[in-house]
Amino acid sequence: MRALLLALCLLCHGLAAAEEVRLTNGEWAPYLGAHLPYQGVASRIIQEAFALEGVQVRWEFYPWARSMHLAERGERAGTAVWLRSPEREQRFYISDPVVESSYYFFHRKDRPMDWKQVSDLKDLRLGGALGYDYGAEFQQAEHEHRIQVQRLSGEEQGMRMVLAGRLDAFPMDKVVAFALLNDKFSSAERVQMSFHPLPLRTDSLHLMLSREVPGNAELMARFNKGLALLRESGKVAQYLLQVQQPLSLAP
């Protein structure tokens, strides 16, 4: 019954929404993407949470730096989705968590790995994407050359190097990794892959609304209210599960 009421609310607000909010976005499948279904699962969660409060979202996709710049200056209402930081809290109202992002080490099944702390990684050939932050302890160990990390231009390249035996492990957000393996790799390649069950880092990702835009404090309160209702309905968990199917890698 609750799911039916939620669906009716979404339909009614979608037909009669009097307000519109312009938000910037970027490309990070399956969370975000201009050409993905619903513009990505994180975009879908944000859009439906706002719809429950009678607000319609208009997404605008840009490179990440421009997405942040437009929202920071108040030229757009906000941007999605980002890590919380003290610096960003000074410039934005930051929402309750939209999704949780957990990074795991992906490796070949026939080359199992084990680790409990970063120092256990010292003898492994690790990869990483240029510009990605894998957590303070990992970054410090990399900077001090206590672990071997080869930074690459993209995550697909890293996963292919693992398959080719040129890397022992590559860290990726699990949901992103599953989508990448489904979209870019054959079934014969996918069955060779696994991941270690201990996450390297886990963070929440958030909608950010600019403090330069009048009314955004109240708008954020309404968004958080809609998000809580959507999460309580079970739809947030359902949407996140859907984007991880049909692939299931056993760690």
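The values are calculated or read from the model by the stated rules, or taken from the named source; none is laboratory data. These figures come from a predicted structure and were not determined experimentally. Cβ coordinates were reconstructed from backbone atoms using ideal geometry, including for glycine residues, and neighbour counts include every protein chain displayed. Note: areas computed on protein heavy atoms with side chains; ligands, DNA, RNA excluded. Shrake-Rupley method; radii C 1.70, N 1.55, O 1.52, S 1.80 Å.
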Of the heavy-atom accessible surface of segment 125-187 (probe 1.4 angstrom), what whole percent is carbon and sulfur?
45
Solvent exposure ordering (accessible area, 1.4 Å, most first) of LYS116, LYS235, LYS109
LYS116, LYS109, LYS235
Taking segment 175-236 on its own, what percent of its Cα-Cα pair distances exceed 14 Å?
74
Dipole of the chain (Lys/Arg Cβ +1, Asp/Glu Cβ -1, origin at the Cα centre): which of ALA136, ILE147, HIS196 lies farthest to the positive side?
HIS196
Between VAL191 and ARG211, the two model label points (7 Å from Cα along the beta-carbon direction) sit apart by a distance in nm of 5.5
What is the distance, in nm, between label points placed 7 Å from the Cα along the Cα-to-Cβ direction at SER102 and at ALA221?
3.4
With the charge dipole of the chain built from beta-carbon charges (+1 for Lys and Arg, -1 for Asp and Glu) about the Cα centre, the Cα from TRP28, TRP64, LEU241 projecting farthest to the positive end belongs to LEU241
What is the distance in Å between the Cα centroid of segment 112-190 and that of segment 51-85?
29
GNM flexibility winner over the chain from TRP59, TRP115, TRP82 (Cα, springs under 10 Å)
TRP115
Taking a probe of 1.4 Å and leaving out DNA, RNA and ligands, the chain shows per residue an accessible area in Å² of 50
Cα-projected label distance for SER119 with GLU232, points at 7 Å along beta-carbon direction, nm
4.7
Scoring only Lys, Arg, Asp and Glu (+1, +1, -1, -1) among other residues with Cβ under 14 Å from the Cβ of VAL176 yields -4
Please give the contour-minus-distance gain from GLU60 to ASP133: 0.36 nm per residue of separation, less the Cα-Cα distance, rounded to one decimal in nm.
23.8 nm
Kindly provide the helix-only [θ] at 222 nm of the chain, computed as the sum of -39,500 (n - 2.57) over DSSP H runs of four or more divided by all residues, to the nearest 500 deg cm²/dmol?
-11500 deg cm²/dmol
What is the pair-distance distribution P(r) of the chain, computed from all Cα-Cα distances in 10 Å bins starting at 0, with each bin given as a whole percent?
7, 28, 31, 22, 10, 1
Mind checking which lysines have their Cα closer than 18 Å to the Cα of LYS184? Skip sequence neighbours fewer than 8 apart in that chain.
LYS174
Average projected area [Cα convex hull, segment 60-183], square nanometres:
9.3
Rounded to the nearest 10 Å², what accessible area does GLU155 have for a 1.4 Å probe in the complete protein model?
30
Report the charge-dipole magnitude of segment 107-158 in Debye, nearest 20, computed about the Cα centre from +1 at each Lys and Arg Cβ and -1 at each Asp and Glu Cβ.
200
Using only protein heavy atoms and a 1.4 Å probe, report how much of GLU212 is accessible, in Å² to the nearest 10.
120
What is the dipole size for the chain, taken about its Cα centre, with +1 at each Lys and Arg Cβ and -1 at each Asp and Glu Cβ, in debye to the nearest 20?
340
